[in-house]
Amino acid sequence: MAEKPEVSMEEFKFMADRAGLGMDQSELEHLKPIYELYMEYTAMVHSINFGSEEMVVEFHPD
Amino acid sequence: MAQADRKLHHLTIHEAGKLLKDGELSPVELTQAFFDRIADTDDRLHSFITLLNEEAMSEARAAETEIRSGRYRGPLHGIPIALKDLYDTAGIRTTSGSRVDFDRVPNADSTPTARLKEAGSILLGKLAMHEFALGGPDWTTPFEPARNPWNLDHITGGSSSGSASAVSSGQAMGALGSCTGGSIRGPASLCGIVGLKPTYGRVSRSGVVTLSWSQDHVGPMTWTVEDSAYMLQAIAGYDPKDPTSSKAPVPDYSLSLREDVRGKVFGLPRHYFFDSDPSVNAEAVAVVEKAAEELEKLGAKLETIELPSLDYVRAANTIIMVSEAFAYHEPNLKKRPQDFGEIVRARFRIGGMLSAGDYLQAQRCRQWSKREFSEALRSVDFFLTPTMTQPAAAFEGYDPTDTIKGRSFTAPFNVTGLPAISVPCGFTESGLPVGMQIAGKPFDEPGVIQAAYTYQQHARWYETRPSI
């Protein structure tokens, strides 16, 4: 992983509000650096060109 | 009796089962010995959340009556076991290690609980765990974290922390753990016991509190491979209550307790599991290298293989895990966030902030991995790896975010759903256990068990117990 991904507090708050998490400022400040660790993972899966790769389907209609 | 010179709490299920069957040992005596052991040690280990003294002694008396009257049920009859506290137990509190479920008392048994009861096992109690099967030791939850019997200043690993400490210390003959990214094999490795994660769908998840539907697995944790085989036998098989349960027939796992790996090919993906990396402990890896060489001496073939998707599997496992966990826990997370511990609250909240695109990309990565592993398993019989990147960390200075950084040696087999076992293979210089992981083809638990059993019988690490 080359660069450590970062997110602005404004954007982070927007995402938290959209998820309906209702966090106050101190909770947001606590969570943001942990979220940025996860951003390394999301960046990784978005960096792959999967072509026509399907997603795993666990649903069985029977 | 032949085992008179050994403490009852150090018998294996296999050994105790023979004595019980032959009437040379009473389930009552055996169960009491385990409660004595728990009383002697659990103030230091904190393996148990709930003890079931009265219920267990009553079950033991019933087992004694049944066995004496010739109604012996099998290798688990009269055997004292314990359950991670996310297996529903009818009428018995099931907390998932959380204040959220502090007073939750299920009405019905989980399917694995019910099957272990049917097999005649004696339930000693419910075991400590990382909250909702995620995170690490967290002092903001209501329960004291379990400690490692090999060194009480060190963690057990998790999330099946109490399961590992209880089996390792002789507080229970066997336990069930659950595993979404390595929560059976990880603590088994760090506590010097055997942990078996079966193929996804092999064991019903019905009545087992969910972390991540598509990655959760149920499996045994025991002192020896044969004991895991006996426990798996009892819990495996189709269950209409679990929509992902497999209808594949359940073989007789005891037939796999044979020492033979001649001609079997073990694939070693060295680029990920063995080569130098900042997140990987070289000493522990060297211990596993030596164990692999021992298997080679027994007739196995070792082959270096490449699995490029491994570099992305940890990411997929983590994204899928927290996304599904958020979906499951969303109502409580929004209504009563203060009842979650700090670690899990943070991670579940992050699950709610990831996008559908993140989740779908992670699932596509999973599919890639599944296909790649499947192709590799056409030319090798098993994957052989270290179970963990590190030996058990000390509590002092422990950083819970360490569990979301670096490589994971266990997650690839949750993502792909392949069966995988951790078997003890030695110790570090400082006396901490190291485990070797052997993974196989879908539903090849027999092969995985046989390979691990062969190594175990040759290396005999099971003869060394922690001194607690």
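Overall, the protein assembly as shown carries a charge dipole of about 960 debye about its Cα centre when +1 sits on the Cβ of Lys and Arg and -1 on the Cβ of Asp and Glu, all other atoms neutral.
Positive end of the charge dipole of chain B (Lys, Arg +1 and Asp, Glu -1 on Cβ, about the Cα centre): tell me which of B:PRO446, B:ILE193, B:ALA300 has its Cα farthest that way. My answer, from the dipole projection, is B:PRO446. Checking the cross-link pairs B:LYS335/B:LYS405; A:LYS4/B:LYS335; B:LYS301/B:LYS441 against a 21 Å limit on the alpha carbon distance flags B:LYS335/B:LYS405; A:LYS4/B:LYS335 as lying beyond it. Please report the spacing between the Cα centers of the range B:1-70 and the range B:346-390 in Å, no decimals. The distance from the Cα centre of the range B:1-70 to that of the range B:346-390 comes to 40 Å.
Residues whose amide H comes within less than 5 Å of that of B:MET388, counting only those at least five positions distant or on another chain, are B:GLY435 (H built at 1.01 Å from N in the peptide plane). Take each residue of peptide A:47-54, count the partner chain Cβ atoms within 10 Å of its Cβ, and average: the result is 4.
If a spin label sat at a point 7 angstrom from the Cα of B:LYS21 along the line to its beta carbon, the backbone N atoms of the range B:40-71 nearer than 18 Å would be those of B:63-71.
Between B:MET57, B:GLY91, B:THR403, the Cα set farthest toward the positive side of the dipole of the range B:17-463 (charges on each charged residue's Cβ, about the Cα centre) is that of B:GLY91.
Shielding of peptide A:26-37 by partners, expressed as the average count of other chain Cβ atoms within 10 Å per residue Cβ, is 3. The value obtained for chain B, namely the Cα convex hull volume divided by the number of residues, is 131 Å³ per residue.
Shape analysis of the range B:41-110 based on the Cα gyration tensor places the equivalent ellipsoid semi-axes at 27, 15, 10 Å, largest first. The mean count of C-beta atoms from other chains within 10 Å of the C-beta of residues in B:361-374, rounded to a whole number, is 4.
For n ≥ 4 DSSP H runs only, could you compute -39500 (n - 2.57) per run for chain B, divide by its residues and tell me the 222 nm figure to the nearest 500?
-12000 deg cm²/dmol
Determine Rg/Rh for the range B:72-157; Rg is computed over alpha-carbon atoms and Rh is the Kirkwood hydrodynamic estimate from the same atoms.
Working: Rg = 14.4 Å, Rh = 14.0 Å.
Value, to two decimals: 1.03.
Diagonalising the gyration tensor over the Cα atoms of chain A and scaling each eigenvalue by 5 before taking the square root yields semi-axes of 29, 19, 9 Å, largest first. Inverting the mean 1/r over all pairs of different Cα atoms, compute the Kirkwood radius of the range B:276-315 and quote it in Å. That comes to 12.2 Å for the range B:276-315.
In the distance distribution for the range B:350-468, Cα-Cα pairs more than 17 Å apart total 67 percent. Rounded to the nearest 20 debye, the dipole size of the range B:82-186 about its Cα centre is 200 debye, using +1 on the Cβ of Lys and Arg and -1 on the Cβ of Asp and Glu.
Under unit Cβ charges (Lys, Arg +1; Asp, Glu -1), what dipole magnitude, rounded to 20 debye, does chain B have relative to its Cα centre?
Numbers: 48 positive and 57 negative charges, 210 e Å.
Here the size comes out at about 1000 debye.
Apply the Kirkwood formula to the protein assembly as shown: the hydrodynamic radius equals the inverse of the mean of 1/r over all pairs of different alpha-carbon atoms; give it in Å with one decimal. Walk me through the numbers on the way to the answer.
On the way: mean 1/r = 0.0434 Å⁻¹.
The answer is 23.0 Å.
Suppose we flag GluC sites (Glu not before Pro) only when DSSP calls them loop and at most 14 other Cβ atoms lie within 10 Å. Which is the longest uninterrupted stretch of chain B? Free of exposed loop sites, the longest segment is B:25-258. Each part gets one Cα centre, and for the range B:111-186 versus the range A:1-39 those centres are 32 Å apart.
Along its principal axes, the range B:93-138 has C-alpha extents of 34, 21, 17 angstrom, given from the largest down. The Rg/Rh ratio for the range B:78-119, using Cα coordinates for both the radius of gyration and the Kirkwood hydrodynamic radius, is 1.00.
Each reported figure results from applying straightforward, stated rules to the coordinates on display, with no laboratory input. On a predicted model such as this, the values are computed, not experimentally measured, just so you know. Note: ideal-geometry Cβ built from the backbone for every residue, glycine included; neighbour counts use all protein chains shown.
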